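Have a look at the structure below, then the notes.
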Amino acid sequence: MNRLRKRPSPPASRVRPPARVAPALALLLLCLGSTACTEFEVASIVLDLRILGMKTSPPEVIIPVEAGFDLGDLPDVDVEVCALVADPGATRELAYRFTACWPTQYQRCDEPERENVVLTGTANGGFATLPDPEGGDEALEACATMSSREVLTLLVLDQAEAGGSLESVAADILANGNTLDVQLELAIRGADQDASALQYGSKLMRYGLPVPESRTANENPLLEQLTATLDADGEDGPGEEGEPFAMPEGRCGDVEPVVLAPRAVLTLEPQAVEDARQDYTVVSFSGDVDEFTEYLVYTWYATYGSWEREQSGGPNDFVSDNEPPTDSAWTAPSAAVVGDGLEVDLWLVQRDERGGQDWLRTCVRVEP
């Protein structure tokens, strides 16, 4: 059921033991007071294999039942799950596996006594092959297809056995806001690496009961384009300083990149389609039906440079009700990093608050 789809051209914090505080503080002071440390790794700069986003299409399916629970009511819908993967630090194929399971506390499908459904076939331990995301002939994504009825039947029966009855599953669904979630796990590594190098990501696929009756299925919030404004060194950019222009969509090597000078600043503004923010209804604790409008969150990544905001968008300010900024300014790397010239991949991942996602990729070339 695995497919490669062609695209058009946070961990929990930990408290360090007291014995390690002094050495860490000493290292920090050394970095601040000298040139011993020049740069810390940040989440928005992609250096090696990373899972940047995961989405399902559709992101939600409504189960057409008004009350109770029956396996015959499970929807016969195929769901495509895809991952945005970056691997700029190596030239290699990747091996990946998608697995579906009942949601777990640690977001892993690794409980041996429970039903785990591998979506990428049974050959090679369930792993499919993805060409090099940066250097392959085509820009491809890691994808798999899930048969909703087949997978849900297995997982619901497994959960019923664990909980004692189908009624216990129905109670879980009601307690989860009239929603049945399926956890989709991605495991990925270099094709020539062993299991110790695996990286994991997870995504919930939602199946909702029509409660309230006005409930409609979520849709992925589509991105239309990414516009940019050159804030500095306008003479080296694609247009006059302050004049917005559309960024090319695609990876470096597939599109004509925007050419900038070192330390130039691009302010990037996402343009979602008009109906990307959906209205939706929920039943409150008091039994009333409340209506909300989705907000969108944007996460920014690049292989070099730095971001003014690693994440933008989100809910309105609680006090003022002002909308948060959705843009972010990217600063090109210095001349010392650029050398004779450097191509930089940039990614934008757009999410809504109900699990929908979309993304795009663009390219900049920095020249001295």
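The values are calculated or read from the model by the stated rules, or taken from the named source; none is laboratory data. From a predicted model like this one, the values you see are computed outputs, not experimental measurements. Positions of Cβ are generated from backbone atoms using ideal geometry, with glycine treated the same way; all protein chains shown enter the neighbour counts.
Overview of results
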quantity	calculated
Any hit, region 112-125, residues being crowded, with 22+ Cβ neighbours inside 10 Å, in contact with a Lys or Arg (Cβ under 9 Å, 6 or more places away or on another chain) and in a loop (DSSP other than H, G, I, E, B)	yes
Extreme residue, farthest from Ala171 (Cα to Cα), among residues of region 62-99 that are among the aliphatic types (A, V, I, L, M) and at pLDDT below 95	Ala90
Residue that is farthest from Trp102 (Cα to Cα), among those in region 149-174 that are aliphatic (A, V, I, L, M), modelled with pLDDT of 90 or more and touching a helix residue (DSSP H, G or I) at 6+ places or on another chain (Cβ under 7 Å)	Ala160
Meets criteria (surrounded by fewer than 19 Cβ atoms within 10 Å (Cβ to Cβ), in contact with a strand residue (DSSP E or B) (Cβ under 8 Å, 6 or more places away or on another chain) and of a type in the set (Phe, Trp, Tyr)) for Tyr301	no
Filter result for Val81 (assigned by TED's automatic domain parsing to the domain that holds Gly53, within 14 Å of Ile51 (Cα to Cα) and part of a strand (DSSP E or B))	yes
Unmet criterion (only one of (1) closer than 30 Å to Leu360 by Cα; (2) in contact with a Leu (Cβ under 8 Å, 6 or more places away or on another chain)) for Phe127	(2)
Any chance Thr362 is surrounded by fewer than 22 Cβ atoms within 10 Å (Cβ to Cβ) and either among the polar types (S, T, N, Q) or closer than 30 Å to Tyr207 by Cα (or both)	no
Neighbours by Cβ (under 6 Å, 6+ apart or cross-chain): first from region 199-210, modelled with pLDDT of 95 or more; second surrounded by 21 or more Cβ atoms within 10 Å (Cβ to Cβ) and hydroxyl-bearing (Ser, Thr, Tyr)	Met205/Thr56
Qualifying strands (runs of 3 or more DSSP E) (wholly inside region 269-368; at least 2 residues being within 29 Å of Val211 (Cβ to Cβ) and not polar (S, T, N, Q))	279-283, 289-293, 296-302, 342-352
Tally, over region 109-123, of residues that are more than 17 Å from Glu150 (Cα to Cα) and touching a strand residue (DSSP E or B) at 6+ places or on another chain (Cβ under 6 Å)	1
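Conditions tested, residue by residue: (1) assigned to a loop (DSSP other than H, G, I, E, B); (2) buried (at least 17 other Cβ atoms within 10 Å of the Cβ); (3) assigned by TED's automatic domain parsing to the domain that holds Leu84.
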{"residue": "Thr129", "(1), (2), (3)": "no, no, yes"}
{"residue": "Arg149", "(1), (2), (3)": "no, no, yes"}
{"residue": "Val156", "(1), (2), (3)": "no, yes, yes"}
{"residue": "Ala162", "(1), (2), (3)": "no, no, yes"}
{"residue": "Leu174", "(1), (2), (3)": "no, no, yes"}
{"residue": "Asp181", "(1), (2), (3)": "no, yes, yes"}
{"residue": "Asp192", "(1), (2), (3)": "yes, no, yes"}
